[in-house]
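Undergrad: Below are the structure tokens for one structure; questions will follow.
The values are calculated or read from the model by the stated rules, or taken from the named source; none is laboratory data. A quick note: this is a predicted structure, and the numbers were derived from the prediction, not measured. Here Cβ is always computed from backbone atoms with ideal geometry, including for glycine, and neighbour counts include all displayed protein chains. Each accessible area value is taken on the protein alone, full model and side chains, heavy atoms only, with ligands, DNA and RNA left out. Shrake-Rupley method; radii C 1.70, N 1.55, O 1.52, S 1.80 Å.
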Amino acid sequence: AGRYLDAYFTRRVTLGGDRCGGADPDGMLCGFGAHEGRTVAYAAQTGTATRPAGYRTAARLVRLADRLGIPVLTLVDTPGAANDAEAERQAVGPAVADLFGAMAAARTPVTSLLIGEGGSGGALALAAPGATWATPDSYFSVIAPELAAAILKRGPDEVRPTADQLRLRPQDLVELGVIRGVLQGP
């Protein structure tokens, strides 16, 4: 995510914290940046499981950008929301739901780029309805192919066919109408 943000913005200012005492600097990067002379808000997942504070910070950013009329760029790359006991105590479910609501209610333009793993609702919460793009090596999935094969009692040799059935690759997502298209990365 950092490389994408560095390639897109000439300068950035971070927005830290969820205003509930939490932060997720390892899982979600949020802030405002300058691109071609214009201010753009960004929320970027970093490839790790996103903590509740990360989702709350992103929702805060989207609402602030919406009030200010600033467009939003989101970068999606997560295996999903953190699901440990601490994440549950910090209300991970409501935090993800709140971000879904903020994204759906935003009147300002929101554009998303799937840059890696798009795992479950934790990734979908950051995907802009009707304005999500993907890089060639990214994917969206409600479950990892390995886990799906295990649940279906399939052996390790059946992971690839299971992945094919899940239709999680960018070209599948375009065909299904989940994303608008496939873009090359920086």
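Undergrad: Can you tell me the dipole magnitude for the chain around its Cα centre, using point charges on the Cβ only (Lys, Arg +1; Asp, Glu -1), in Debye to the nearest 20?
TA: Using only the charged Cβ atoms, the result is roughly 640 debye.
Undergrad: Quick one: length gained pulling I70 to R160 fully straight, 0.36 nm per residue minus the C-alpha distance?
TA: Length gained, I70 through R160: 28.2 nm.
Undergrad: Please compute the length gained on full extension between R63 and C20, using 0.36 nm multiplied by the number of residues separating them and subtracting their Cα-Cα distance.
TA: That pair, R63 and C20, stretches by 13.9 nm at full extension.
Undergrad: Measuring from label point to label point, each 7 Å out along Cα→Cβ, what is the V13 to A85 span in nm?
TA: Those two pseudo-labels are separated by 4.1 nm.
Undergrad: How big is the Kirkwood radius of the chain, worked out from every pair of different alpha carbons and given in Å to one decimal? Could you put the intermediate results ahead of the total?
TA: On the way: mean 1/r = 0.0600 Å⁻¹.
Kirkwood hydrodynamic radius for the chain: 16.7 Å.
Undergrad: Using a probe radius of 1.4 Å on heavy atoms only, what accessible surface per residue do you get for the chain? Whole Å² is fine.
TA: 51 Å²
Undergrad: For the chain, which whole-number percentage of the solvent-accessible area (1.4 Å probe, protein heavy atoms only) is attributable to carbon and sulfur atoms? Walk me through the intermediate numbers first.
TA: Working: 5020 of 9390 Å².
Here it works out to 53 percent.
Undergrad: From the square roots a ≥ b ≥ c of the eigenvalues of the alpha-carbon gyration tensor of the stretch 1-97, which class results: rounded (a/c under 1.5), prolate (a/b over b/c), or oblate?
TA: Numbers: a/c = 2.46, a/b = 1.65, b/c = 1.50.
Because a/c hits 1.5 or more and a/b exceeds b/c, the stretch 1-97 counts as prolate.
Undergrad: What ranking do 62-73, 92-103 get when scored by the average of other Cβ atoms within 10 Å per residue, highest first?
TA: Taking the mean over residues of other Cβ atoms within 10 Å, the ranking is 92-103, 62-73.
Undergrad: For the stretch 103-164 and the stretch 1-65, what is the separation of their Cα centres, given in Å?
TA: Each part's Cα centre sits 20 Å from the other's.
Undergrad: Another question about this same structure. By average Cβ neighbour count within 10 Å, what is the ranking of 166-178, 48-60 from highest down?
TA: Top of the packing list down: 48-60, 166-178.
Undergrad: Something else: If you plug each phi of the stretch 11-18 into the Karplus form 6.51 cos²θ - 1.76 cosθ + 1.60 with θ = phi - 60°, what whole-Hz ³J(HN,Hα) values come out, in order, with x for Gly and Pro?
TA: Each residue of the stretch 11-18 in turn: 7, 9, 10, 7, 10, x, x, 9 Hz.
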